[in-house]
Amino acid sequence: MSRKWLWLGIVFLVILFFVVGNGEEPERLETTEIQEYQGEKLDSIEDFRENSIKGPQSVDIETYQLEVAGLINNPLSLTYDEVLDFQAYEKVVQLNCVEGWAVKLLWEGVLVMDLIDQADPMEEATHVIFYAVDGYATSIPLETIRERKMLLAYKMNELTLPPERGYPFQLVAEDKLGYKWIKWVVKIELSDDANFRGYWETRGYDNNADIGTPEGPWPDPEKKKD
Ligand SMILES: Nc1nc2c(c(=O)[nH]1)N[C@H]1C(S)=C(S)[C@@H](COP(=O)(O)O)O[C@H]1N2
Ligand SMILES: [Mo]
């Protein structure tokens, strides 16, 4: 056999190896997005308009830490998995942006209040200030977080939040306008500062951000059994 044929044979085998070899491991796909929950029609992840102040952020989950700080006795620094170890809850909630669009989705997450309780808040703490990786911030009274049983979500419509939707965590600020639904949350600070104003709040947006008048009594999020 000539040298030429030998080389061609080797090249052929190499190509065959990559074509066949790579086909062996099936790629794992995430479950598809759900379209309804308990008979209620849901909107889609695709229905958001991405208009974050600095565009989508990408968070390295290996080094990510969620801080719970400020007026607390037990400062926390939690990895993604440690946050997910808290009791999971799910609830259908609609996000309304001041731009006039709205999306109703099934959210899955942990209770913000469970994280705060673990950090043992001091009595002076009246407000919760949330900070994100893009420099965004917003605040909500502690009483509202407790009363409304607000979630820190890691899934929407049963899919892990994609980067543009706030991975790893977005606040589900139920009954509050979209600018309270902070994405890419890295720090939860307990404070006694009722005058704190977040990113849009310092640019003229109302600090209460209420959507109309919520009716109440509000249904609790459901415990997710697994
Ligand atoms: N970190 C961060 N969170 C944010 C924002 C932002 O710019 N940065 N925008 C807010 C606004 S105005 C809305 S309406 C909601 C949903 O915005 P989206 O459609 O861009 O996800 O995210 C909120 N959370
Ligand atoms: Mo918004």
query = For region 83-96, what are the residues that are assigned to a loop (DSSP other than H, G, I, E, B) and in contact (Cβ under 8 Å) with a residue 60 or more places away in the chain?
reply = GLN87, ALA88
note = Exactly one of THR160, THR138, THR213, THR144 is at pLDDT below 95 and polar (S, T, N, Q), and that one is THR213
query = Can you find even one residue in region 117-131 that is open to solvent by 20 Å² or more (accessible area, probe 1.4 Å), without any contact (Cβ under 8 Å) to a residue 40 or more places away in the chain and in contact with a strand residue (DSSP E or B) (Cβ under 9 Å, 6 or more places away or on another chain)?
reply = yes
request  = Mind counting the residues in region 173-189 that are more than 8 Å from ligand 1 (Cβ to nearest atom), surrounded by fewer than 22 Cβ atoms within 10 Å (Cβ to Cβ) and among the aliphatic types (A, V, I, L, M)?
outcome  = 1
ask   = When the residues of region 134-172 are filtered to those that are polar (S, T, N, Q) and in a strand (DSSP E or B), which remaining residue is surrounded by the fewest Cβ atoms within 10 Å (Cβ to Cβ)?
value = THR160
inquiry  = With touching a Gly at 6+ places or on another chain (Cβ under 6 Å), within 13 Å of ligand 1 (Cβ to nearest atom) and farther than 30 Å from GLY39 by Cα as the only criterion, which of ALA132, ALA137 stands out?
reply    = ALA137
inquiry  = Taking the condition of being in contact (Cβ under 8 Å) with a residue 12 or more places away in the chain, surrounded by fewer than 16 Cβ atoms within 10 Å (Cβ to Cβ) and in a loop (DSSP other than H, G, I, E, B), how many residues in region 57-82 meet it?
reply    = 7
Selection within region 186-217 - within 16 Å of ligand 2 (Cβ to nearest atom) and outside any loop (DSSP other than H, G, I, E, B) = GLU201, THR202, ARG203, ASP210
task = Collect the residues in region 97-127 that are within 16 Å of ligand 1 (Cβ to nearest atom) and not in a strand (DSSP E or B), keeping them in residue-number order.
result = CYS97, VAL98, GLU99, GLY100, TRP101, VAL112
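The values are calculated or read from the model by the stated rules, or taken from the named source; none is laboratory data. Only a predicted model underlies this, so the values are computations on that prediction, with no experimental measurement involved. Virtual Cβ from ideal backbone geometry, glycine too; neighbours counted across all protein chains shown. Remember, those area values only see protein heavy atoms, side chains included, never the ligands or the DNA or RNA. Shrake-Rupley method; radii C 1.70, N 1.55, O 1.52, S 1.80 Å.
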